[in-house]
1. I'm trying to understand the selection: among the residues of the range 136-188, which are crowded, with 18+ Cβ neighbours inside 10 Å, among the β-branched types (Val, Ile, Thr) and in contact (Cβ under 8 Å) with a residue 40 or more places away in the chain?
2. Within the range 210-261, take every residue that is more than 25 Å from the chain's Cα centre (by Cα) and of a type in the set (S, T, N, Q) and give me the one that is nearest to residue 49 (Cα to Cα).
3. As an exercise: evaluate residue 105 against (1) surrounded by 24 or more Cβ atoms within 10 Å (Cβ to Cβ); (2) in contact with a Pro (Cβ under 7 Å, 6 or more places away or on another chain) and give the number of the one condition it does not meet.
4. Being touching a helix residue (DSSP H, G or I) at 6+ places or on another chain (Cβ under 8 Å) and part of a strand (DSSP E or B) is the filter here; which residues of the range 95-119 pass it?
5. Exactly one of (1) of a type in the set (Asp, Glu); (2) loosely packed, with under 13 Cβ neighbours inside 10 Å; (3) more than 18 Å from the chain's Cα centre (by Cα); (4) over 22 Å from residue 141 (Cβ atoms) is unmet by residue 76. Its number?
6. Can you name the number of the only condition in (1) surrounded by 23 or more Cβ atoms within 10 Å (Cβ to Cβ); (2) touching a Phe, Trp or Tyr at 6+ places or on another chain (Cβ under 8 Å); (3) not in a loop (DSSP other than H, G, I, E, B) that residue 27 fails?
7. For the subset of the range 33-58 comprising residues that are among the small types (Gly, Ala, Ser) and assigned to a loop (DSSP other than H, G, I, E, B), which member is surrounded by the most Cβ atoms within 10 Å (Cβ to Cβ)?
8. Taking strands (runs of 3 or more DSSP E) that do not extend beyond the range 121-202, which have at least 2 residues that are in contact with a helix residue (DSSP H, G or I) (Cβ under 7 Å, 6 or more places away or on another chain)?
Amino acid sequence: MTEYKNILVEKKDSVLIVTINRERALNALNKETVGELQQVFSYYWTAKDINCVIITGSGDKAFVAGADIPELGDLDVRSGTDLSANGLYLMKTIQNFPRPVIAAINGFALGGGCELAMACDIRLASEKARLGQPEVNLGIIPGYGGTQRLSRLVGRGKALQLILTGDMIDAREAFRVGLVDEVYPHEELMTKALEMAGKIASKAPLAVSMAKECINRGLDVSLAHGCDLEKANFGQVCGTGDKNEGIEAFMEKRQPKFTGH
């Protein structure tokens, strides 16, 4: 397994754990870290032994506390556009990754950290978590998809309030408005994340992947087109060995043994 400077990669059964490991910088997303995350997700894109991914941050204070502020100082129009493009490409890669990605938000998730969490499929938060898009305090705006994903998750008004004030919200408020999906005691977060990832990983991989695709792509098209996509993917999974195994296991009252075929 490749070693990286700014992230740790660990595999537990068929769950991949990606930890942003810049604790002294509150796990801030500098250019190098964005590049390393892109490498990891590109490398595991076709991996058959990975059925779910968890992203978290090292230490007890931060998931990702934003961008690396010193890197922002020298940006101009061209370099700022390039920085945004690279971040957006990573977020799109995570969003479209063929297997589910869970964010285990163990502390501050601000700016690029909040955007990273929003690119994941499921967001689990510690009670210590604090989330927000405070870019306006620096005279800039979110650049890794924050203006788009936040409004889709919490609605236009709440997204405008959070982005235009730059305010942080705690985990309970984030749950109330739909920004996170579950909140746990801090010491239970990774246990709960691993439990959920393990449960997802135990399901038929092709069915999980196609269900994720239907939901993601369906959000950007009409209901009719989304149902057409579901129809096509339903037909595809009906031709798999995992469908046969799932039905047989149900009829025989045993646990299925899915193979991803």
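1. Those that are crowded, with 18+ Cβ neighbours inside 10 Å, among the β-branched types (Val, Ile, Thr) and in contact (Cβ under 8 Å) with a residue 40 or more places away in the chain: 180, 183.
2. By that ranking, first place goes to 240.
3. Only one criterion is unmet by residue 105, namely (2).
4. Passing the criteria: 101, 102, 103, 104, 105, 109.
5. The one condition residue 76 does not meet is (4).
6. (3)
7. 58
8. It comes to 122-126, 130-132, 182-184.
Computed from the coordinates by the stated procedures, all read-outs in this text should not be read as laboratory data. As the structure is a computational prediction, the values presented were derived from the model and not from experiment. Positions of Cβ are generated from backbone atoms using ideal geometry, with glycine treated the same way; all protein chains shown enter the neighbour counts.
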